[in-house]
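As structure tokens, the structure follows; a few thoughts come after it.
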Amino acid sequence: MASLKDLRVRINSVRQTQKITSAMKLVAASKLRRAQEAAEAARPFSERMERMVGSLAEIMGEREDAPQMMRGTGRDETHLFVVATADRGLCGGFNSSITRATRARIKELAEQGKSTKIICVGRKARDQLRREFGAMIVDHMDGIGRTGGPSFEEADEIGRNLARRFEEGEFDTCTVVYNRFKTVMSQVVTFQQLIPFSPPAEAGAESGDGSGAIYDFEPDEEMILSDLLPRNLSIQIFRALLENAASEQGARMTAMDSATRNAGEMIDKLTLHYNRTRQAQITKELIEIISGAEAL
Amino acid sequence: MADTLQFELVAPERLIFSGDVEMVVVPGAEGDFGVLPGHSLLISTLRPGVIEIYENEKPKDRYVVAEGFAEVTGERCTVLSTEAFEAGAIDRAEAERRLEQAQLGLRDAEGDEEREKFERAVELAELLAANAG
């Protein structure tokens with residue numbers, strides 16, 4: 001049986017852990033609020049970008065000379081996944097749910113004889129995918145948003161990187177994988193196709209004032225589109241990163257909350273055990289004294 | 001015809017300006033253009049420059065923007081820019097630091113794409129320095 005001292009040490013160590021997890025929970029909660037605000041503040045830009053690309057796509061959509069980034073290469077052979085996770089763990093199933101979904105998708109594609117390439121954004125994605133798909137990882141980026149949330153420059157860098165690789169014909173379709181922020185408790189793994197561009201379903205219905213109208217273009221459609229599409233790429237990635245950042249904090253908060261609760265339960269149980277043992281020892285000592293006195 | 005049009009200036013991080021204005025001058029890639037209510041439909045790329053919002057036929061607010069896009073319809077004008085700064089709120093030291101960095105980058109730039117990128121950065125930084133409060 002564990003001695004009293006062992007139990008005391010044990011209780012103390014669990015208590016320390018509980019302090020850490022509850023502190024992490026508080027930190028995550030405040031970071032979550034900031035991440036959510038950032039995600040909301042970024043929404044107008046991507047919405048208007050979508051509207052603009054949507055109305056351009058309407059005009060250019062069927063034309064032969066539309067840029068490849070919009071129409072696609074016409075092939076469906078090489079798929080590129082941009083897998084966005086966090087840099088750090090201790091946030092429940094946040095990272096592994098992304099990599100698990102990606103893994104399943106890659107295997108599915110492999111069965112169809114298609115090849116896959118991966119760009120890892122965030123340290124955990126690379127850590128978890130490296131062993132199985134090491135050869136497919138063509139690039140990785142760490143330390144996104146280390147200073148107060150992901151910035152547009154970081155997203156733009158990834159976007160430019162993608163555009164360059166696409167122009168060099170490294171892949172045919174591109175999908176970004178991230179956790180969409182649904183509520184604090186639940187995050188949904190989302191596959192969003194970036195290339196070829198798929199217009200959002202509601203864009204056509206929403207642009208009531210512009211639909212069917214003829215826009216003037218300055219300089220001209222192709223120039224604008226070839227400028228706009230890579231920019232749109234960056235923006236979609238930016239949005240994914242922001243959603244991911246909010247999801248990460250949400251997941252961490254939930255995970256740390258349940259860890260704190262579990263630690264509390266454990267402390268209760270250990271304390272009970274500790275008190276029982278102490279009492280048993282006292283009783284035993286009393287019996288020893290009494291029987292010693294009687295023997296005299 | 002309405003006297004005002006709805007003008008929105010949006011950066012990736014946030015909505016910077018949204019409101020009704022009488023006229024706004026936008027630095028298009030092929031020259032500045034003014035937008036009044038009832039302007040014809042237009043989508044244009046922007047070069048780094050200054051956006052001027054007019055009130056009572058005088059410039060009221062000025063914003064420095066990096067490259068981006070403008071979408072104009074009769075009722076609204078939407079400017080999407082990767083970076084936007086209110087002219088009065090620019091920090092001179094910060095602007096000069098950016099200029100220095102951009103020039104350094106331009107000196108070491110390799111390839112056309114990179115050089116172009118830094119040329120734009122220099123242009124923007126110069127504008128910022130010129131408009132710093």
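Miscellaneous remarks
- Meets criteria (of a type outside the set (Asp, Glu), more than 14 Å from chain A (Cβ to nearest Cβ), within 18 Å of the chain's Cα centre (by Cα) and more than 24 Å from A:Ala42 (Cα to Cα)) for B:Asn131: yes
- Residue match in the stretch A:65-76 (condition: touching a Gly at 6+ places or on another chain (Cβ under 9 Å), more than 28 Å from B:Glu13 (Cβ to Cβ) and open to solvent by less than 40 Å² (accessible area, probe 1.4 Å)): yes
- Looking only at the stretch A:215-248, and only at residues there that are more than 10 Å from chain B (Cβ to nearest Cβ), modelled with pLDDT of 85 or more and open to solvent by 20 Å² or more (accessible area, probe 1.4 Å), the one that is farthest from A:Gly143 (Cα to Cα): A:Pro230
- For A:Gly113: the one exception among (1) farther than 23 Å from A:Ala163 by Cα; (2) more than 14 Å from every other protein chain (Cβ to nearest Cβ); (3) part of a helix (DSSP H, G or I); (4) free of Cβ contacts under 8 Å to residues at least 24 places away in the same chain: (3)
- Taken as a whole, the structure leaves A:Lys5 outside the set of residues that are open to solvent by 30 Å² or more (accessible area, probe 1.4 Å) and either under 18 Å from the mean Cα position of the chain (by Cα) or acidic (Asp, Glu) (or both).
- Test for B:Tyr63: is it more than 14 Å from chain A (Cβ to nearest Cβ), surrounded by fewer than 20 Cβ atoms within 10 Å (Cβ to Cβ) and not polar (S, T, N, Q): no
- Listed by first and then second residue, the pairs with beta-carbon distance under 7 Å, at least 6 apart or on different chains, first residue in the stretch A:41-59 and within 7 Å of chain B (Cβ to nearest Cβ) and open to solvent by less than 10 Å² (accessible area, probe 1.4 Å), second assigned to a helix (DSSP H, G or I) and polar (S, T, N, Q), are A:Met49/A:Asn232.
- The combined condition, being free of Cβ contacts under 8 Å to residues at least 40 places away in the same chain, under 16 Å from A:Glu243 (Cβ atoms) and small (Gly, Ala, Ser), is not fulfilled by A:Ser97.
- Scanning the stretch A:93-106 for residues that are more than 23 Å from A:Gly169 (Cα to Cα) and open to solvent by 40 Å² or more (accessible area, probe 1.4 Å) turns up A:Gly93, A:Ser96, A:Arg100, A:Arg103, A:Ala104.
- Test for A:Glu108: is it of a type in the set (Asp, Glu) and over 15 Å from A:Phe81 (Cβ atoms): no
- Applying the criterion of being part of a strand (DSSP E or B) and open to solvent by 10 Å² or more (accessible area, probe 1.4 Å) to the residues of the stretch B:1-20, the residue that is nearest to the other protein chains (Cβ to nearest Cβ) is B:Leu15.
- Odd one out for B:Leu80, checked against (1) touching a Phe, Trp or Tyr at 6+ places or on another chain (Cβ under 7 Å); (2) more than 8 Å from chain A (Cβ to nearest Cβ); (3) of a type in the set (A, V, I, L, M); (4) buried (at least 22 other Cβ atoms within 10 Å of the Cβ): (2)
Residue-by-condition table, conditions (1) within 22 Å of A:Ile119 (Cβ to Cβ); (2) at pLDDT 90 or above; (3) not in a strand (DSSP E or B):
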| site | (1), (2), (3) |
| --- | --- |
| A:Ser22 | no, yes, yes |
| A:Pro44 | no, no, yes |
| A:Met70 | yes, no, yes |
| A:Asp76 | yes, no, yes |
| A:Val82 | yes, yes, no |
| A:Ser97 | yes, yes, yes |
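- The condition of being surrounded by 19 or more Cβ atoms within 10 Å (Cβ to Cβ) and either at pLDDT 85 or above or within 13 Å of chain A (Cβ to nearest Cβ) (or both) holds for only one of B:Gly111, B:Gly68, B:Gly74, that being B:Gly68.
- Residue that is surrounded by the most Cβ atoms within 10 Å (Cβ to Cβ), among those in the stretch A:107-133 that are among the small types (Gly, Ala, Ser) and more than 14 Å from A:Asp76 (Cα to Cα): A:Ala125
- Considering the stretch B:35-50, the residues that are away from every other protein chain (no Cβ under 12 Å) and open to solvent by 10 Å² or more (accessible area, probe 1.4 Å) include one that is nearest to B:Phe69 (Cα to Cα), namely B:Val50.
The values are calculated or read from the model by the stated rules, or taken from the named source; none is laboratory data. Nothing here was measured: the structure is a model prediction, and the numbers come from that model. Cβ coordinates were reconstructed from backbone atoms using ideal geometry, including for glycine residues, and neighbour counts include every protein chain displayed. Ligands, DNA and RNA are excluded from the accessible area calculation, which covers all protein heavy atoms including side chains. Shrake-Rupley method; radii C 1.70, N 1.55, O 1.52, S 1.80 Å.
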